[in-house]
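**Q** Before I ask anything, here is the structure I am working with.
The values are calculated or read from the model by the stated rules, or taken from the named source; none is laboratory data. Quick caveat, the model's predicted, so the values are computed rather than measured. All Cβ positions, glycine included, derive from the backbone under ideal geometry; neighbour counts span all protein chains shown. Accessible surface is based on the protein model in full, side chains and every heavy atom, while ligands, DNA and RNA are left aside. Shrake-Rupley method; radii C 1.70, N 1.55, O 1.52, S 1.80 Å.
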Amino acid sequence: AEQLLEDNDLAEAKRVYEEVSSLDRYNESAKRSIDQISQLMLEADFSRRMSIGYEQLQMGDAEQAIAQFESATDLGVNEEQALAAIKQAENEIANGKITAIREHILSSESQENWQQAVTHYESVLEIDSNIVFAVEGRDYASKRAQLNDLLVRAIAGPERFYEEDVFQQTLDIYYTGREVEKQRGGSVLAGQLDQLEQLLETSQIPIEIQFASDNLTDVTILRVENLGLFEKTSMALKPGRYVAQGKRIGYRETRTEFVVGFGQTPNIVSVLCTERVVPTNR
C-alpha cells in the first residue's frame with residue numbers, strides 16, 4: 001500500500017489499505033491512510049473538474065464551464081475556489097450579453113429610435129444595475145424619446161395651434177428641440193423641427209372665412225367670438241379646427257365643425273337652425 005501511494009496510484013493504494021483494515025480493524029495507521037488518500041482523491045477530482053471548466057471557459061463555452069465548476073463544488077473541497085470560478089464565468093457571460101446589447105443600442109441611437117434604445121439600456125441594467133454607461137444612456141435616451149413623442153404629437157395636431165396656450169407650449173417644444181439639435185442632432189430630429197417650424201409659422205396667418213345663416217339663428221364660434229344674427233358675414237381665423245354653434249328659440253341647437261387651413265378651408269360655412277322642437281304633451 002505504501003509503495004502504491006508513493007507511485008501515486010491512489011485508487012489501488014486505498015483498496016489495499018482497506019484490505020489491511022478489514023484484516024485488522026484496530027489498525028489506526030491504515031484508517032488514517034485511507035482518510036488521507038480519500039482526501040487526495042477528492043482534491044485530484046476537484047482539480048480535474050476545474051481544469052476541464054477552465055478549458056471550456058477559454059474556448060468560449062461559459063455555460064458548460066459553469067456546470068463543471070458547480071460539479072466541483074459538490075465534492076466539498078476548495079469550495080471558495082470553485083465559487084470564484086463560477087463568478088468569473090458568469091461575468092464573462094454577462095459581458096458577452098452586454099457587448100451584444102451595446103451593438104443594438106448603437107444601432108437604435110443611429111436611427112434615432114430612442115424608445116428602443118431605452119429598452120436596450122434597461123436590458124443592460126437588468127444584468128448589472130450599476131453600469132454607468134447604461135444609467136447615463138438610459139437617462140439621455142428617455143429624454144430624447146419624450147422629446148420625440150412631443151414633436152410627433154405636435155406635428156399631428158397643428159389644428160390646435162390657434163389656441164394661444166397650445167401655441168406657446170408647442171413653441172417651447174420647438175426651441176428645446178433646436179437646442180438638442182445643436183448638441184447631438186440627427187436627420188430625423190432636424191426633419192421634425194423643420195416641419196414643425198413651418199406649421200407654427202403658417203398657424204399664425206389668419207384666413208378669411210365666409211359664413212352664411214338665416215338672420216334668425218344666433219351664431220357663435222366656440223371659444224372665439226359670438227357672430228350674432230346675420231345672413232352673410234366673414235371673419236379672419238387662424239388655421240385650426242373650429243365649431244360654429246347655432247341657437248334659435250323653438251329650434252334644435254346645431255353645431256357645424258370646420259377646419260381652416262391645411263388644405264381643408266371651406267368655401268362657406270352655413271350655420272342655421274331648421275329643426276323645430278315639438279313640445280311634449282303632458
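**Q** Looking at A84, A94, A65, which is the one that is surrounded by 15 or more Cβ atoms within 10 Å (Cβ to Cβ) and out of contact with any Leu (no Cβ under 7 Å at 6 or more places or on another chain)?
**A** A94
**Q** Within segment 69-100, track down each residue that is in contact (Cβ under 8 Å) with a residue 24 or more places away in the chain, among the β-branched types (V, I, T) and assigned to a helix (DSSP H, G or I).
**A** I93, I98
**Q** A further question on this structure: So in segment 104-115, with the set limited to residues that are in a helix (DSSP H, G or I) and surrounded by fewer than 17 Cβ atoms within 10 Å (Cβ to Cβ), which one is nearest to the chain's Cα centre (by Cα)?
**A** The extreme case among them is Q115.
**Q** Oh, and also: Do we have any residue at all in segment 121-141 that's closer than 23 Å to L196 by Cβ, open to solvent by 80 Å² or more (accessible area, probe 1.4 Å) and part of a helix (DSSP H, G or I)?
**A** No; the residues of segment 121-141 include none that is closer than 23 Å to L196 by Cβ, open to solvent by 80 Å² or more (accessible area, probe 1.4 Å) and part of a helix (DSSP H, G or I).
**Q** Which fully enclosed helices (runs of 4 or more DSSP H) of segment 1-62 have 3 or more residues being open to solvent by less than 80 Å² (accessible area, probe 1.4 Å), within 17 Å of Q81 (Cβ to Cβ) and among the charged types (D, E, K, R)?
**A** 28-58
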